[in-house]
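The values are calculated or read from the model by the stated rules, or taken from the named source; none is laboratory data. It should be emphasised that the depicted structure is a prediction, and the values quoted were computed from it without experimental measurement. FYI the Cβ positions are ideal-geometry reconstructions off the backbone, even for glycines, and counts take in every protein chain you see. Note: accessible area is taken over every heavy atom of the protein model, side chains too, but ligands, DNA and RNA are not part of it. Shrake-Rupley method; radii C 1.70, N 1.55, O 1.52, S 1.80 Å.
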Amino acid sequence: MARLPFTFEKIFDTLLEGVTVLDAAGRITLVNAAAERILGAPRASIEGMHYSSVPWRVAQGDAEMPRDRHPFARVFAGEERIAAEEYDIVAPDGRRTTIQVNAAAMRDEHGAFAGMVATYADIGERKRAEQRIHYLATRDILTELSNRALFCARLEAAVESASREGRALAVVAVGLDRFTAINDSLGRDVGDEVIRKVAARLTASAGAEEEVARPGGDEFLVLLRDIGTPGRAHRTAASMRSAVSWPMEVSGREAVVTMSMGIALFPGDGESAGTLLRNAGTALNVAKSAGGDCVRFFDAHMNVAARERFDTEAELRRALDRDEFVLHFQPQVDIATGAVAGWEALVRWRHPERGLLLPGLFLPIAEGCGLAAPIGEAVLQKACRQAAAWSRGGVVAARMAINVSALQFRHPGFMNVVRAAIASTGVEPSLLELEIVENALIGHEPELQAVFEALAEEGIELSIDDFGTGYSNLGYLKRLPIDALKIDQSFVNDMPASPEACAIVNAVIAMAHGLGLRAIAEGIERREQLDFLRAAGCDRGQGHLLGRPQPAEHWNGVVPTRLERVG
């Protein structure tokens, strides 16, 4: 037999796995170089020591494992082999790692126990990689909250526990209001920052028994364990809404974020995790349809409404292809002289089965499913075409007011859409007046400034619709090139009987004139309202008293020029 070119000691120290040999008394007799590295102590300090006195500690969590439970003790108690068992250890220098241990008893030629040999593999890096992979598989990377998979697993466990113990729980589906506009107008980096801040606020306002997750996009999920009563679920949801809605600084600017919430209760609204999630999502959609920034509990009728909403979305898409959206035109009158000063274009849906539908029945659904912009573009085209036609026909008051949704206005390509409509219809830009609701400015004034200024440079006038209904910072009236304020019809409707409504209307008119703007009142239906507005100096008005919205054909050839001929 040929001699090996290496000594036993050389081979022993070349092994990548740590090896220790123990005698029958449990003293360590041999330690290789790999064992020195893994155990974090020089062999000179280990050899000759009893295994239970080695300076590294076998740990369970943060507590040291008792000596009588040391894995080697089992071999000395008669167990022949330890195979691929994993232990956390703490080395003398404080380093923590995980080792995989194999050990086997050694016996002499007579079968008597003579000691044991143990091998160690440092698998700390592998374990950390596995833990990281598991973490990434169960967490939302942006916020580090639980993702949908982990949330669903915990919800299933919570449902099983609540069912056994007779407890109630709630699932809350959360959606940020108008978040798409933030991404479109400010960019994804800002959108991501908003999501992180919202996640932090939701987590901070959640209790110890509450689980917050982000399944993706602008949506979150919250599990409320052991709620006791629906009232507690509502109070918790309201607290979360309040925490999120405080102004936050995002990329050097102040932003206000609101959210809609849908709540499903166990066991009343579902006895499985899947049903609860689905019903909470349905309630969330109802909250968004109600205008957002609110909480809705699920009820069975919502499923019927959800199916109807789904059907309506499909019909809206077909309606665009079939050109089923038509315009009616309502005159705007100079209140002082009675002259017709212009028109407002109002969209209607000529539904093949349900007849003529008002915008309140379909525009909120269109905004929720991404159809507001294409419908708005179609309305803009038709309104521009009609204004151009009336202007060519010699109608003096061919000025056209057109409502623009907040989503349209904040879309990066909005100016291109406007310019394309002007070019394709030949309308004079000076005949156009675009209306945007006041609430659309909240948190978006800086990026909208450029759009307002670009429209003004084109010669297009701008008005703020529903003025006085929600934007407390009136500084934008100085900064933006606005031409008119439209007094919300809720104020007009209450006057002159309500002193408060009269005071608000007078204040808006005075504010508008003080800033060099026109004041326009909408929703005028009674003569006493018109008389009050005339006495208050309101510039223009519209409403059923002055003329109901009608198709262009109704007005063609008989376009009125004086108040007494309207209506």
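May I ask you to derive the relative contact order of the chain, considering only C-alpha pairs under 8 Å and at least 6 residues apart, and to give it as an integer percent?
8 percent
Provide the gained length on full extension for the span Val256 to Ala454, in nm with one decimal, where the gain is 0.36 nm per separating residue minus the Cα-Cα distance.
Residue separation times 0.36 nm, minus the Cα-Cα distance, leaves 68.7 nm.
In the chain, what % of DSSP beta bridges are antiparallel (nearest 5)?
If I count the DSSP bridges inside the chain, around 75 percent turn out antiparallel.
Percent of accessible area on the chain owned by carbon and sulfur, 1.4 Å probe?
With neighbouring chains kept in place, the figure for the chain is 52 percent.
What is the helix-to-structure angle for 499-514, meaning the angle in degrees between its Cα long axis and the longest Cα principal axis of the chain, kept from 0 to 90 and rounded to the nearest 10?
Rounded to the nearest ten degrees, it is 90.
On the first, second and third principal axes, largest extent first, how far apart are the outermost C-alpha atoms of the chain in Å?
That gives 124, 56, 45 Å along the principal axes, largest extent first.
Any idea how far the Cα center of region 265-292 sits from the one of region 517-532, in Å?
Measuring centre to centre over Cα atoms gives 43 Å.
Work out the FRET efficiency for Glu156 and Arg188 from their Cβ-Cβ distance, taking R0 = 35 Å, and round it to the nearest 0.05.
That pair, Glu156 with Arg188, gives E of 0.60.
Count neighbours as other Cβ atoms within 10 Å of each site's Cβ, and list the trypsin sites (Lys or Arg not before Pro) in region 66-135 that are DSSP loop with at most 15 such neighbours.
Arg95
Give me the number: length gained by fully extending Glu165 to Ala497, i.e. 0.36 nm times residue separation minus the C-alpha to C-alpha distance, one decimal in nm.
Length gained between Glu165 and Ala497: 113.7 nm.
What aspartates and glutamates does Lys288 reach when the alpha-carbon gap must be under 17 Å and sequence neighbours fewer than 8 apart in one chain are set aside?
Counting by Cα, and skipping residues close in sequence, Lys288 has these aspartates and glutamates nearby: Asp177, Asp218, Glu219, Asp299, Glu308, Glu313, Glu367.
Give the accessible surface of region 281-411 per residue, rounded to a whole number of Å², with probe radius 1.4 Å and ligands, DNA and RNA excluded.
Using a 1.4 Å probe on heavy atoms only, each residue of region 281-411 averages 44 Å².
Gain in length, Ala33 to Arg534, computed as 0.36 nm per residue apart minus the alpha-carbon separation, to one decimal in nm?
170.4 nm is the gain from fully extending Ala33 to Arg534.
Compute the angle between helix 301-322 and the longest alpha-carbon principal axis of the chain, please, reported from 0 to 90 degrees and rounded to the nearest 10.
60 degrees
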